[in-house]
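Okay, structure first, notes after.
Readers should treat all values here as calculations from the given coordinates under stated rules, not as data from a laboratory. A quick note: this is a predicted structure, and the numbers were derived from the prediction, not measured. Note that we place each Cβ from the backbone using ideal geometry, even for glycine, and neighbour counts take in every protein chain shown.
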Amino acid sequence: MRNDIPDRRDETDESQADLAAAVEVTRQTINAIERERYDPSLELAFALADHFDCRIEDIFDPDE
Amino acid sequence: MSEHTTSATTRPSTRKRYKRIAYGLLGAGILALWVGIAVDRFVLGVALYWTGGLGMGLVQRFSPVELYDERDTTIEREAGHYTMKLFAYVFIFGTPGGLVLEESGLVTLPGEFYGAMWTLFAVFVAYGAFVIYHKYRL
């Protein structure tokens, strides 16, 4: 699913590993989400939204 | 520098270290089994193999970090799905195909063939039981 996690990481100066550790998944999972090869669970999507202090639909765009 | 702090228990390096310990224990157990067989100490080899396997399970169960995340679970589920599909094709086509070939006198099937087909049958019985169980749970 299309997402803007790389842009958000740039804004917060975080690496994939930093973000992965913050939401308690592996770096490979973050990489797979960013490359749109893996859609996160609802739980992880909420964790990401919480981490970036926004709504899930601000990060993910299911229509594109 | 990131403004987000990371606890030692969720650091990727910690996860990797515990994974290495878990797989290392299993690897050591397998090695011990092979050495045990080679030096004719089969029982000791099997005991060490079981110990290694148990150690791996204990590390996975009690490590302070989650060793596997949701993507790992998805990968396992996909792998299991395709494995069952492969088994289904082998079972559905293999069993009657083998029996027809034997009946026609073209081949004489070894006992291993029947063993393999009964094993696959048992796998599908177990699979069906788990499907029914989870159907009522979810």
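Average projected area of the Cα convex hull of the protein assembly as shown, in nm²? For the Cα atoms of the protein assembly as shown, the hull's average projected area reads 18.1 nm².
Rounded to the nearest 20, the size of the Cβ-charge dipole of chain A about its Cα centre is 320 debye, with Lys and Arg at +1 and Asp and Glu at -1. Projected label points at A:E57 and B:E112, each 7 Å from Cα along the beta carbon direction, are separated by 6.0 nanometres.
The Cα trace of chain B gives Rg and Dmax of 22.0, 75 Å, the first to one decimal, the second as a whole number.
If R0 is 25 Å, what FRET efficiency do you get for B:K85 and A:Q28 from their C-beta distance, rounded to 0.05?
Working: r = 25 Å, r/R0 = 1.00.
Efficiency at R0 = 25 Å is approximately 0.50.
A viscosity of 1.306 mPa s and a temperature of 10 °C, combined with the Kirkwood radius over Cα pairs in Stokes-Einstein, give a translational diffusion coefficient for the stretch A:1-51 of 148 µm²/s.
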